[in-house]
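The values are calculated or read from the model by the stated rules, or taken from the named source; none is laboratory data. Bear in mind that the values here come from a model prediction, so they are computed numbers and not experimental data. Neighbour counts run over all protein chains shown; Cβ positions are idealised from the backbone, glycine included. Ligands, DNA and RNA are stripped out before the accessible areas are found, and what is left, the full protein with its side chains, is counted by its heavy atoms. Shrake-Rupley method; radii C 1.70, N 1.55, O 1.52, S 1.80 Å.
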Amino acid sequence: MAIAAPERPTTVAAPRFVEASTPMLDARIPSGPLERKWTQRKFENKLVAPANRRRYSVIVVGTGLAGASAAASLGEQGYDVKAFFIHDSPRRAHSIAAQGGINAAKNYKNDGDSVYRLFYDTIKGGDYRAREANVHRLAEVSVNILDQCVAQGVPFAREYGGLIDNRSFGGAQVERTFYARGQTGQQLLLGAYQAMMRQVQAGTVTLVPRREMLDLVTVDGVARGIITRDLISGEIERHSAHAVLLCTGGYGTVFYLSTNAVNSNVTAAWRAHKRGAWMANPCFTQIHPTCIPVSGDHQSKLTLMSESLRNNGRIWVPKNVGDRRQASAIPEAERDYYLERKYPSFGNLVPRDVASRNAKEVCDEGRGVGDSGLSVYLDFRDDITRLGRDVIKARYGNLFEMYNRITGEDPYSTPMRIFPAVHYTMGGLWVDYHLQSSIPGLFVLGEANFSDHGANRLGASALMQGLADGYFVAPYVVPDYLASTKFGDAPVNHPAFDAAAISVRGQLDRILKVRGRTTPREFHRKLGHLMWDHVGMARNKHGLETVLREIPALREEFWRDIAVPGSADLKNQSLEYAGRVADYLEFAEEMALDALERTESCGGHFREESQTPEGEALRDDENFAHVAAWEFTGVGTPPVLHREKLQFEYAHPTQRSYK
């Protein structure tokens, strides 16, 4: 008689996350018609009388466009503002690197633009994964931003009639991008910096340079201050306030190589997340299609070539696989202008996610150019012939010079070689309509929040959002919070400050005690390779599950073998870097989990399992028309997933088409 083998116990995989038990999140969006929501909410918000404003202190972390404009605006109103930044001058903020322009619905070209069209293009460009109310507010105040900046003296390009000039950017069929040659971010930042320095002179804003925020202090669940480290002396400092504004940019350097400054990081946002601020849609990252290709492992960052170049440059590759001839040797009949062929309505000015995926596709086919085969041509030959070299030089001279210095090639006579690279992050800390996070009193502005761009940001909208949040939203929502809140005492010797300072010091000491052999840069590079390979331009279930196994192992290796010399009690850039990499090794896991859980494709989040027969992103509106907001529960433990349902009353979701 055969004896049945004993049944093996069934192994149940541990859950990767926990569903929140509460209903859908409330973003405090005003009722009423879309075009009246912001006007009505501004009227409803409570005010602080001018004589009372100096009694309230506000901390601003970061002095890029969002932070500098917020500090200047709140200082102008009379609040006591302290602005913290890691550089020696606010003028070194990464906003300075933005090149191409800033969007505004001015309709100076009389070509059919309007506030509503900018709203619609932004919702559609983000693949219907942004709030309608936030996006319409952004479109509304875009016209005010231009007026503000012109009044500050920002030297925008001018057309013959004296009006500021504009040009086209991706995802739009009108000209609404205003620019200052290829230095728009720099000029806008100088304008915001001057406005802020005026308030420094007036005594309402205090600048605190060379400080890194290492923790958020909450008292009774409310944000009441921050812990910083003096990057020169190493001193751990405590700063108390009635409200904290986080304006620290995005987390693109999680990929190691990106167009972001090397010092750009997730630390301030991640430390706030660990104190209770939810992280929304972290998998929504933008790959910019026009960047100088990777040249080797020696690089620490990549260089952006402005999207504005696609106005006059044509993108192409050889028609034949493996064609390695020089560009000049390939006749016109053997060139494939693939964006113009596939998307005749928009041509080379399709949105960034579409252009990037198509560049990857032709390179994967073996039609890429250059030694690596991982680049495509951006060719100005036709417009140099049509308009003349001087016209192209006037528009893009500084960009052409930068390309020449980096590559040694002359783009006036030889096509540029470009390839997609990480550039911007649409995800960020969750905020409601008032830009307030899930922690009362913690406001998040600019790229650090998730609110306005959905799954893909249109070109020239980052500068618009940063200045909109700082100049025109924060001055209404922060006073409303201050006037509506009864504050208790929160001095810097409060137990909450003691606990936060001890935690910060403990993290620094833990890093220094390892005394391993692997540098922070080596760990960062390893993480970047994992993220680019599995959470980059294309993602799939197998790759995401792989990276979710490998990140915890790499994190354990970090804590066994990180090499940081020196002390925490003086300037120590290796220690700064190691702390940022440690945060990325935690954040990257949540980012990959978000990408795994969102099984649809939308915008910059492209799941290979979810695409149309033509290879375009295929959304799943029934299951994923929501914001995914993650609540931290501990390193290596399943986070809690909260959802905010997205309602579309005006821009009804359709399959995006730019053909």
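Close amide H contacts of R224 (hydrogens built in the peptide plane, cut-off under 5 Å, sequence separation of 5 or more or a different chain): V217, T218, V219. Straight distance only, please: which aspartates and glutamates reach the Cα of K393 with their own Cα at less than 18 Å, same-chain residues fewer than 8 apart left out? By straight Cα distance, K393 reaches E159, D165, E307, D379, D382, D383, E401, E409, D410. Using the Cβ-Cβ distance between Y650 and Q173 with R0 set to 25 Å, the FRET efficiency from 1/(1 + (r/R0)^6) comes to roughly 0.85.
In the chain, the inverse of the mean reciprocal separation of distinct Cα atoms equals 25.5 Å; this is its Kirkwood hydrodynamic radius.
Where both bridge residues fall in the chain, DSSP classifies roughly 70% of the beta bridges as antiparallel. Listed cross-link partners K46/K274; K319/K342; K42/K486 are compared with a 23 Å cut-off, the Cα-Cα value being larger for K46/K274.
So how do 191-204, 424-437, 461-474 stack up, highest first, on mean other-Cβ count within 10 Å?
Values: 191-204: 19.3, 424-437: 26.0, 461-474: 28.0.
Packing proxy ranking, top to bottom: 461-474, 424-437, 191-204.
Mean residue ellipticity at 222 nm, helices only, the chain: -11000 deg cm²/dmol; runs of at least 4 DSSP H residues each add -39,500 (n - 2.57), and the sum is divided by the number of residues. Per-residue extension of 0.36 nm, minus the Cα-Cα distance of D323 and S89, leaves a gain of 79.4 nm for this segment. Of the residues I59, Q77, A49, the one whose Cα sits farthest towards the positive end of the charge dipole of the range 37-78 is A49 (charges of +1 on Lys and Arg Cβ, -1 on Asp and Glu Cβ, taken about the Cα centre). One decimal place: the segment A333-R28 gains 104.1 nm when fully extended, by the rule 0.36 nm per residue minus the C-alpha distance. Phi-derived couplings, Karplus 6.51 cos²θ - 1.76 cosθ + 1.60 at θ = phi - 60°, listed residue by residue for the range 314-330: 10, 9, 8, 9, x, 6, 9, 4, x, 6, 10, 5, 4, 4, 5, 8, 9 Hz, with x used for Gly and Pro. Amide H to amide H, with H built 1.01 Å from N, R335 comes under 5 Å of K319, counting only residues 5 or more places away or on other chains.
Could you work out what % of the accessible surface of the range 515-659 is carbon and sulfur, using a 1.4 angstrom probe and leaving DNA, RNA and ligands out of the count? Don't skip to the end; give the middle numbers.
Working: 2910 of 5910 Å².
Looking at the range 515-659 in its full context, I get 49 percent from C and S.
Bridgeable aspartates and glutamates around K513 (alpha carbons under 16 Å apart, same-chain partners fewer than 8 residues away excluded): E556, E557, D561, D569, E576. Straightening the chain between D569 and N52 buys 182.2 nm, computed as 0.36 nm per residue apart minus the Cα-Cα spacing. Using a 1.4 Å probe over the heavy atoms of the protein chains, calculate the carbon and sulfur portion of the accessible area of the range 223-366 as a whole percent. Within the range 223-366, the accessible surface is 49 percent carbon and sulfur. Annotation: I236 carries an accessible surface of approximately 40 Å², with a 1.4 Å probe and no ligand, DNA or RNA atoms counted. Remark: for residue pairs K82/K571; K360/K541; K301/K526; K37/K109, the C-alpha separation exceeds 21 Å in K82/K571; K37/K109. Summary of packing: across the peptides 560-570, 318-328, the per-residue average of other C-beta atoms within 10 Å ranks them, highest first, as 560-570, 318-328.
Close amide H pairs (under 5 Å, H built 1.01 Å from N) link V18 with V640, L641, residues at least 5 positions away or on another chain. Here each label is just a point 7 Å from Cα along the line to Cβ, and for N45 and D230 those points are 3.6 nm apart. Accessible surface computed residue by residue for the chain, with neighbouring protein chains in place and a 1.4 Å probe, gives 39 Å² per residue.
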